[in-house]
Amino acid sequence: MASVNTSELVERLWARDATLWTGRDESRWLGWLDEPLRMQERVRELEEFAAGLEGFSAAVLLGMGGSSLAPEVFRRSFASDTLQVLDTTHPVAIRRLAGELDFERTVFIASSKSGTTLETRSHLDFFWERAGGHGERFVAVTDPGSELEALAKQRGFRAVFASEPTIGGRYSALSVFGLVPAALVGVDLERLLTRVEEMVEACRLDKGNPGLELGERLGNGWLEGRDKVQISPNPGGFGLWAEQLIAESTGKQGKGLVPVPVDEPQSGPDRQTEEVRVSDPYELGQEFYRWEFATAVAGSIIGINPFDQPNVQEAKDRTNKVLSGQRGQTPVSDAGTSGSVEELLADAKPPDYVCVQAFIDPAREGELEPLIARARETGCVVTHGLGPRYLHSTGQLHKGGPPTGRFIQVLDDPGEELPIPGRDFGFGRLIQAQAAGDFASLKERGRPIVRITLEEVA
């Protein structure tokens, strides 16, 4: 794969030639190449929708992974205080958000490509009940023909936005999954997409192709043993989105690029650094496209299918298995029975990486810093993510990628149970089942992992 010359690589990618990767179904998932041009035809539709929400003062996006990360970057980049993104199942966080909302003036966007995402459907059912079942306060973004589309029509949602089914979630930033929320935070979509069109044309070039050049650096860096990718700081949180794109796309068959937080040391033979080129928020769309194209190129060099996620379903299946057999919450006190952090870190050395997986209230994320600092003393790259968000982001890499990860799962007390309408479990049981399911999956694969409580971190 790495021997493909530049002009041939670009030509074959645009020709949707699946043999550029593994020769399986890659050609089915290249709709993102042309999506910015298709979305230009829907600008008026999206802007009229946003203009019609004059009576609403807030919007809450209910989504996970590819459905939530691009909206979060848009929210931060354009400094919006009207849009909130909910991608946690922690009952404390959900209860806190519900207590802050004026339900009569809040619109909820349920965003799920499959329409069956457990977290999103649970969020939707919870807020549907809290909002009194008023369909005009709800919107759906989903693939045509999904269960969510049918439910939205049945309940009389204000709008249903059909997505392009040939685009995977992590490549959907410039589809309705990213641009409906962007419209809600006041982005001038015409201006944004005009800039993206420039990048689309640049990514057709043999020379001076920004996506190709980035992809070759990523892929060749991996060939040289520099599989840790540090993305330069960006106030819009671009790295949150890029880490899913990179990790879920490349982390399989024992291979993969490991996204590195911006606060990690840059020195080390296993590391490479890439800059985020967003000096103005309206350059954001261009940068989404550049990294999407680059990841497809890097996948060719690494020799994997960058458009599938074979191990993501595994975590979902494990969660369902735990839920079906669990009739009470897993006690948080069980956390310390899996071994100690000291033992896990004792023999950690590069090119290993240490990953902190925190199934905690997001408001307490700062309390992980002492643990991250301890792990950094090993000289290894330290990554960290909140559960269940990371299950839809870097979780594929943890299971299918290189066996160099050492994992520390952190739990807190989810507090009083928060029921989910129509389910025989609440959000507390759900988040603990998600933690237990991922723990079991990593353990079964022989990945070193321990579980502790947040109180043990200090």
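The values are calculated or read from the model by the stated rules, or taken from the named source; none is laboratory data. Quantities reported herein were computed from a predicted structural model and do not represent experimental measurements. Quick reminder, even Gly has a Cβ in these numbers, built from the backbone with ideal geometry, and neighbours come from all protein chains shown. The area values use the complete protein model at the heavy-atom level, side chains included, leaving out ligands, DNA and RNA. Shrake-Rupley method; radii C 1.70, N 1.55, O 1.52, S 1.80 Å.
Confirm whether residue 338 is more than 30 Å from residue 225 (Cβ to Cβ), of a type outside the set (A, V, I, L, M, F, W, C) and either at pLDDT 95 or above or open to solvent by 60 Å² or more (accessible area, probe 1.4 Å) (or both). Answer is no for this residue.
Among the residues of the stretch 253-275, which ones are open to solvent by less than 20 Å² (accessible area, probe 1.4 Å) and within 30 Å of residue 188 (Cα to Cα)? Give the steps one after another, and end with the answer.
Filtering the stretch 253-275 for residues open to solvent by less than 20 Å² (accessible area, probe 1.4 Å) gives 256-260, 264, 270, 272, 274.
The answer is 274, and nothing else.
Any residue in the stretch 86-93 that is buried (at least 16 other Cβ atoms within 10 Å of the Cβ) and without any contact (Cβ under 8 Å) to a residue 40 or more places away in the chain? Reasoning before the result, please.
Filtering the stretch 86-93 down to residues buried (at least 16 other Cβ atoms within 10 Å of the Cβ) leaves 86-93.
Narrowing further to those that are without any contact (Cβ under 8 Å) to a residue 40 or more places away in the chain: 86.
Looking through the stretch 86-93, at least one residue is buried (at least 16 other Cβ atoms within 10 Å of the Cβ) and without any contact (Cβ under 8 Å) to a residue 40 or more places away in the chain.
Scanning the stretch 141-190 for residues that are assigned to a loop (DSSP other than H, G, I, E, B) and out of contact with any strand residue (DSSP E or B) (no Cβ under 6 Å at 6 or more places or on another chain) yields a total of 17. Within the stretch 177-198, being surrounded by fewer than 24 Cβ atoms within 10 Å (Cβ to Cβ) and in contact with a Lys or Arg (Cβ under 8 Å, 6 or more places away or on another chain) holds for one residue alone: 185. Of all residues in the stretch 214-242, those that are of a type outside the set (Phe, Trp, Tyr) and in contact with a strand residue (DSSP E or B) (Cβ under 9 Å, 6 or more places away or on another chain) total 14. Out of 97, 118, 83, 62, which single residue is touching a Pro at 6+ places or on another chain (Cβ under 7 Å), within 27 Å of residue 428 (Cα to Cα) and open to solvent by less than 50 Å² (accessible area, probe 1.4 Å)? Matching residue, one of 97, 118, 83, 62: 83. Out of curiosity, is residue 32 open to solvent by less than 50 Å² (accessible area, probe 1.4 Å), of a type in the set (Phe, Trp, Tyr) and closer than 22 Å to residue 282 by Cβ? It is true that residue 32 is open to solvent by less than 50 Å² (accessible area, probe 1.4 Å), of a type in the set (Phe, Trp, Tyr) and closer than 22 Å to residue 282 by Cβ. Counting only residues that are open to solvent by less than 40 Å² (accessible area, probe 1.4 Å) and closer than 23 Å to residue 313 by Cα, the stretch 100-115 holds 4 of them.
The condition (being outside any strand (DSSP E or B), over 25 Å from residue 303 (Cβ atoms) and out of contact with any helix residue (DSSP H, G or I) (no Cβ under 9 Å at 6 or more places or on another chain)) is satisfied by just one residue among 201, 197: 201.
Taking the criterion of being at pLDDT 95 or above and surrounded by fewer than 20 Cβ atoms within 10 Å (Cβ to Cβ), the residues of the stretch 217-247 that qualify are 217, 220, 223, 224, 225, 226. Would you mind stating whether residue 250 is at negative phi, among the β-branched types (Val, Ile, Thr) and open to solvent by 10 Å² or more (accessible area, probe 1.4 Å)? When the stated conditions are applied, residue 250 does not pass them.
Name the residues in the stretch 441-458 that are touching a strand residue (DSSP E or B) at 6+ places or on another chain (Cβ under 9 Å), surrounded by 15 or more Cβ atoms within 10 Å (Cβ to Cβ) and either in a helix (DSSP H, G or I) or hydroxyl-bearing (Ser, Thr, Tyr) (or both), would you?
Hits for the stretch 441-458 are 442, 453, 454.
Residue 131 meets the conditions (1) open to solvent by less than 40 Å² (accessible area, probe 1.4 Å); (2) touching an Asp or Glu at 6+ places or on another chain (Cβ under 8 Å); (3) closer than 18 Å to residue 427 by Cβ in every case but one. The failed one is (2). How about the stretch 138-151: which of its residues are buried (at least 20 other Cβ atoms within 10 Å of the Cβ) and more than 24 Å from the chain's Cα centre (by Cα)? If the condition is that a residue be buried (at least 20 other Cβ atoms within 10 Å of the Cβ) and more than 24 Å from the chain's Cα centre (by Cα), then 151 is the only one that fits. For residue 289, are the conditions met, namely being closer than 20 Å to residue 74 by Cβ, touching a residue at least 60 places away in the same chain (Cβ under 8 Å), touching a Leu at 6+ places or on another chain (Cβ under 8 Å) and surrounded by fewer than 19 Cβ atoms within 10 Å (Cβ to Cβ)? Spelling it out, it is not the case that residue 289 is closer than 20 Å to residue 74 by Cβ, touching a residue at least 60 places away in the same chain (Cβ under 8 Å), touching a Leu at 6+ places or on another chain (Cβ under 8 Å) and surrounded by fewer than 19 Cβ atoms within 10 Å (Cβ to Cβ). The set of residues from the stretch 415-434 being under 17 Å from residue 319 (Cα atoms) and open to solvent by less than 10 Å² (accessible area, probe 1.4 Å) comprises 420, 426, 427, 428, 430, 431, 433, 434.
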